[in-house]
Amino acid sequence: MKDKILILAIESSCDETAAAVVENGRNVLSNIISSQIEIHKEFGGVVPEVASRKHIENINDVVEEALAEANASVEEIDAIAVTYGPGLVGALLVGVNFAKGLSYAWSKPLIAVNHIEGHINANFIEDRELEPPFICMVASGGHTHLVYVKDYGKYEILGKTRDDAAGEAFDKIARAIGLGYPGGPLIDKVAKTGNRNAIKFPRVVIDDETLDFSFSGLKSAVLNYIHNSNQKNEEVNMEDVAASFQEAVVEVLAMKTIKAAKLKSCGTIALAGGVASNSRLREALQEECMKHNYKFTKPSPVLCTDNAAMIGCAAYYKYLNKQFADASLNALPNLELADL
């Protein structure tokens, strides 16, 4: 096999049109992201139809820019990788069909990548020394998973949310206190000036036997607090609400992650997904890992949000195992990360 395997990766699962060229899984030669945040801000969230149309407009230019920045020719590319789920079906279809077209036109193998798996693999880019096994907390707008990474491409799902994902809860509370969209980064910013112990919101553990999560009760508690304060004409301190809510989420995520590490006798913990860029979550997990003498690794914020470099990393290990897709590949908006 060649010394250098170059993979062109495409990601379009939500509102970022992204393309990257990744060498041997961990060396990112380019990572181009065209964000639609400013477009969707006026709607207070992602509008699927608008996102799909913008992907169509952007994808060709983004791919060309990724190739140019990597100084990679079509002949040098060894495979085309693409996110095929989970995500918004229209958005996914733009990336999947574009990748299928390139695969056919360039006679390159096609590699289908699970978006959640991509987030986990972002840690391999950030930490060149990282090797499985490790525990990964995946927290994003659509998913909250505790995953035992047994090997490259081999996962055991230890726990996941039973209702709202952590990022979804952040977005809903951000709207409730008038911060707007995207909620996660805005709450993180405002919480820095608030008192995280000001309001005692519930820490929903469900029971001691499960590593699953639930954030709907916490979300309701925050909304009830705001509603009751308004009914009594009491001033709502937005900073304190944001900080106290964030602490309730972070405390449960950190506690369950440490519990998972103990369960699997695993000395390394990783963080992944959009919520992984939350400064308080990064700080809290770092503190807990130091307390228990665990190694802690986390991607840079740009690799926490949706990007194609993480897809290229995950695809590399599939390439080594000749796990290729064919022309029948379709978008799977509800794709799960399975135990393998």
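Values quoted throughout were computed directly from the atomic coordinates according to the rules given, and no laboratory measurement underlies them. Treat the numbers as computed from the prediction; the structure is a model and nothing was measured. In this analysis, Cβ positions are derived from the backbone assuming ideal geometry, glycine residues included, and neighbour counts consider all displayed protein chains.
Relative to the Cα centre, the charge distribution of the chain, modelled as +1 at Lys and Arg Cβ and -1 at Asp and Glu Cβ, gives a dipole magnitude of about 680 debye.
By other beta-carbon atoms within 10 Å, ranking SER12, SER103 with the fewest at the front produces SER103, SER12.
Put in order of Cβ neighbour count within 10 Å, fewest first, the listed residues LYS259, LYS298, LYS189, LYS322 become LYS322, LYS189, LYS259, LYS298. Size estimate for the range 176-250 follows the Kirkwood approach: the inverse of mean 1/r over distinct Cα pairs works out to 13.0 Å. Here the Karplus relation 6.51 cos²θ - 1.76 cosθ + 1.60, evaluated at θ = phi - 60°, turns the backbone of the range 23-30 into coupling constants of 9, 6, x, 10, 9, 8, 8, 7 Hz, with x for every Gly and Pro. Kirkwood's formula applied to the C-alpha pairs of the range 60-109 gives a hydrodynamic radius of 11.7 angstrom.
Centre-to-centre, using Cα atoms only, the range 3-48 and the range 188-229 are separated by 32 Å. Computed from the Cβ-Cβ distance with R0 of 22 Å, the FRET efficiency linking HIS292 to LYS154 stands at 0.35. The label-point distance for THR210 and THR193, in a model that sets each label 7 Å from Cα toward Cβ, rounds to 3.9 nm. For the range 125-191, the dipole from Cβ point charges (+1 on Lys and Arg, -1 on Asp and Glu) about the Cα centre works out to 260 debye, to the nearest 20. Projecting the Cα atoms of ASN58, GLY25, LEU88 onto the dipole axis of the range 1-144, where Lys and Arg carry +1 and Asp and Glu carry -1 at the beta carbon, places LEU88 farthest toward the positive end. When you work out D = kT/(6 pi eta Rh) for the range 102-223 at 20 °C and 1.002 mPa s, using the Kirkwood radius from C-alpha pairs as Rh and the Stokes-Einstein form, the result is 126 µm²/s. Near the amide H of ALA81, within less than 5 Å, lie the amide hydrogens of LEU8, ALA9, ILE10, ILE111, all on another chain or at least 5 residues away, with H placed in the peptide plane.
Taking the three principal axes of the alpha carbon atoms in the range 3-131, the coordinate ranges are 47, 35, 23 Å, sorted in descending order. Available extension along the chain between SER265 and ASP61 is 68.8 nm, counting 0.36 nm per residue and deducting the alpha carbon span. Per-residue ellipticity at 222 nm, computed for the chain from helices alone with -39500 (n - 2.57) per DSSP H run of at least four residues, works out to -14000 deg cm²/dmol.
Taking Cα extents along the principal axes in Å as calculated from this structure, the corresponding entry among (i) 51, 51, 41; (ii) 67, 46, 31; (iii) 81, 57, 33 is (ii).
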